[in-house]
Amino acid sequence: MKEYLIDTNIFLRFLVRDDEKSAEDCRRFLQLVRLGKIKAFTTTINIIEMGWTLNSYYKLNKAQVLKALRGVINLRGLEIRDGYDLRSALSLWEQENIKFVDAIISSLDGKDAKVVSYDKDFDRTKMQRVEPHDVLSLYS
C-alpha cells in the first residue's frame, strides 16, 4: 500500500473550510485514512505548524486549537513520524527557494512516500506531491 505524508495545509483546509471544494476533498481524503484505506502519516513539525497557524493567523483561542490538534493526533489510521536529516534539509534549503520547514519535512525518512499538499514548494524536492483530489480519483 502506498504511503502518504499529510502536510499541514490539508488539515487546515479541512478545519477552517476557507475553500469549500478543497475542504470537502480534504474531508474525503482524511475519511479514507480513518477507514484504513490509505496509509498516512504526518510529523510533529506539521502539528506544531498547524497549532501556530490556527492561533496566530486564524485567531482561534487555545481551547479551539487544542481541540483541533487532539482531533488530528487521534485520527485513527494516522501515524506521527519524525526522523529528519537536518544536514540534508539545510542543503536543500540552501539550493532551493522553499520554506525551511518544507525542507525539513522533505528530509524525513520515508522519502518514497507521496506528500499530500497544496504547497508547490514540494515540487522542488525529491518528494512527489499530490493533492487530495489526485488520491481520491484512485478510489472513485
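The values are calculated or read from the model by the stated rules, or taken from the named source; none is laboratory data. Please read these numbers as outputs of a predicted model, since none were measured by experiment. Cβ coordinates were reconstructed from backbone atoms using ideal geometry, including for glycine residues, and neighbour counts include every protein chain displayed.
Whenever a residue of the stretch 8-32 is among the basic types (Lys, Arg), its partners that are assigned to a loop (DSSP other than H, G, I, E, B), lying with C-beta atoms within less than 7 angstrom and at least six residues away or across chains, give the pairs 13/19. Evaluate the following for residue 49: is it outside any strand (DSSP E or B), among the charged types (D, E, K, R), at pLDDT 95 or above and in contact with a Ser or Thr (Cβ under 6 Å, 6 or more places away or on another chain)? Considered against the rule, which asks whether it is outside any strand (DSSP E or B), among the charged types (D, E, K, R), at pLDDT 95 or above and in contact with a Ser or Thr (Cβ under 6 Å, 6 or more places away or on another chain), residue 49 comes out as yes. Checked against (1) in a loop (DSSP other than H, G, I, E, B); (2) polar (S, T, N, Q); (3) surrounded by 18 or more Cβ atoms within 10 Å (Cβ to Cβ), residue 9 passes all but a single condition, namely (1).
The residues listed here are 8, 44; of these, the one that is touching a Ser or Thr at 6+ places or on another chain (Cβ under 8 Å) and of a type in the set (S, T, N, Q) is 8.
Against the conditions (1) free of Cβ contacts under 8 Å to residues at least 24 places away in the same chain; (2) touching a Leu at 6+ places or on another chain (Cβ under 7 Å); (3) over 23 Å from residue 33 (Cα atoms), residue 91 satisfies every one except (2). Considering the conditions (1) out of contact with any Pro (no Cβ under 6 Å at 6 or more places or on another chain); (2) of a type in the set (A, V, I, L, M, F, W, C); (3) at pLDDT 95 or above, residue 138 is excluded by exactly one of them, (3).
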